[in-house]
1. Of the residues that sit in segment 22-59 and are among the basic types (Lys, Arg) and assigned to a helix (DSSP H, G or I), which one is nearest to SER5 (Cα to Cα)?
2. What's the total number of residues in segment 95-109 that are among the aliphatic types (A, V, I, L, M), buried (at least 21 other Cβ atoms within 10 Å of the Cβ) and more than 10 Å from the ligand (Cβ to nearest atom)?
3. For SER77, are the conditions met, namely being among the small types (Gly, Ala, Ser), surrounded by 13 or more Cβ atoms within 10 Å (Cβ to Cβ) and in contact with a strand residue (DSSP E or B) (Cβ under 9 Å, 6 or more places away or on another chain)?
4. Which residues, counting only those in segment 60-70, are of a type outside the set (S, T, N, Q), surrounded by 16 or more Cβ atoms within 10 Å (Cβ to Cβ) and at pLDDT 90 or above?
5. Looking at ALA155, ALA133, which is the one that is in contact (Cβ under 8 Å) with a residue 40 or more places away in the chain and either among the hydrophobic types (A, V, I, L, M, F, W, C) or away from the ligand (no atom under 16 Å from the Cβ) (or both)?
6. Going through segment 215-229 one residue at a time, which ones are part of a strand (DSSP E or B) and either away from the ligand (no atom under 16 Å from the Cβ) or crowded, with 24+ Cβ neighbours inside 10 Å (or both)?
7. Within segment 245-283, track down each residue that is within 23 Å of PHE220 (Cβ to Cβ) and of a type in the set (S, T, N, Q).
8. So which residues in segment 155-206 are assigned to a strand (DSSP E or B) and in contact with a Leu (Cβ under 6 Å, 6 or more places away or on another chain)?
Amino acid sequence: MIIDSPAELTDAVLAELEGAADPRFREIVGAAVRHLHAFVREVRLTETEFQQACAVIARLGQATTASHNEVVLMAGSLGVSALVCLQNNATRGGAPTTANLLGPFWRQDSPITEDGGSIVRSPTAGDPIFVTAWIADSAGRPVAGAVVDVWQASADGFYENQDPAQADMNLRGRFVSDAAGRIRFRSIKPSGYPIPVNGPVGDLLRAQGRHNLRPAHIHFLIAKPGYKTQFAQVYSDDDPHLGTDVQFAVTRALIGRYVSHRDEAAPDSDVQGTWYTLEHRFVIEPGESRLPRAPITGKVEGPRPERVVLDRKQLP
Ligand SMILES: [Fe+2]
């Protein structure tokens, strides 16, 4: 088709989709073309701005490595990840979903760990925490035999893949739920952490005057044949950034009670001083059990990255 006007252009691109055999592909790419063209028209995108946009997208890919995923961080920072999660895990029967974002830091094949075992695999500062998670179906029945992957950042705010000082797979482990649908493990109380800001995501946040902090949390990935694989994060109720999470991921169903204990005997006799407990209940739905594609596959090499925290501008 010879193009004589901007209006004809959109029609010409959409017409080429008729050659696509997959109807879902036609639907998704067709909507993307229509919305992209409408976006260019609405903001009257200049040639310079178009070149800048292409450069940002290219940098997202170039900044993504085996140990870092800038694309996932950007999707989260624009609220797209949270929208996809909420749209696909709707409230059922009045109970809000316990599903949440997978995030950019899940690694496959973390060590299978015995019930009640520790996921601290190299010396790691922080207060001990004893976590109990309960897995149930939507009728409230316990789900036994679910494989539950857990992972978290250190008290310094680094996942082991970001931090050469931590052992491989530190603060990561897999557990199998018992007949009561329960898993238990020992770790250290997580801290909130800044997401990396040395790439396009940092440019976005600085331009908006946003901080780059995530409230403290522990990640869970729950898999069992016959059930939709669930990703979840349980946020610490004492974190000051629950309302301004840079990834827009905090929901009320996922704010956990991190209970502090002092002058009480801990479950493990080596624990002194302050320690914590967390109990949380997850509801999984019938569906397809399928592990996601891991956003990262290994640990960073070289020095530990600098910890950079951006200030949040006070909004009127
Ligand atoms: Fe995280």
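The values are calculated or read from the model by the stated rules, or taken from the named source; none is laboratory data. Just so you know, these numbers come straight off a predicted model, no measurement behind them. All Cβ positions, glycine included, derive from the backbone under ideal geometry; neighbour counts span all protein chains shown.
1. Looking only at segment 22-59, we keep the residues that are among the basic types (Lys, Arg), and these are 24, 26, 34, 41, 44, 59.
Within this subset, residues satisfying the condition of being assigned to a helix (DSSP H, G or I) are 24, 26, 34, 41, 59.
Working: ARG24: 29, ARG26: 24, ARG34: 16, ARG41: 13, ARG59: 32 Å.
Within segment 22-59, the match that is nearest to SER5 (Cα to Cα) is ARG41.
2. 1
3. Values: among the small types (Gly, Ala, Ser): yes; surrounded by 13 or more Cβ atoms within 10 Å (Cβ to Cβ): yes; in contact with a strand residue (DSSP E or B) (Cβ under 9 Å, 6 or more places away or on another chain): no.
Against the criterion (among the small types (Gly, Ala, Ser), surrounded by 13 or more Cβ atoms within 10 Å (Cβ to Cβ) and in contact with a strand residue (DSSP E or B) (Cβ under 9 Å, 6 or more places away or on another chain)), SER77 does not qualify.
4. Initial filter on segment 60-70 (of a type outside the set (S, T, N, Q)): 60-61, 63, 66, 68, 70.
Add one more test, that the residue is surrounded by 16 or more Cβ atoms within 10 Å (Cβ to Cβ), and what stays is 60, 63, 68, 70.
Within segment 60-70, LEU60, ALA63, GLU70 meet the criteria.
5. On the way: ALA155 fails: in contact (Cβ under 8 Å) with a residue 40 or more places away in the chain.
That would be ALA133, the only listed residue that is in contact (Cβ under 8 Å) with a residue 40 or more places away in the chain and either among the hydrophobic types (A, V, I, L, M, F, W, C) or away from the ligand (no atom under 16 Å from the Cβ) (or both).
6. Taking segment 215-229 as the starting set, the residues that turn out to be part of a strand (DSSP E or B) are 217-223, 227.
Result: HIS217, ILE218, PHE220, ILE222, ALA223, TYR227.
7. GLN247, THR251, SER260, THR277
8. PRO194
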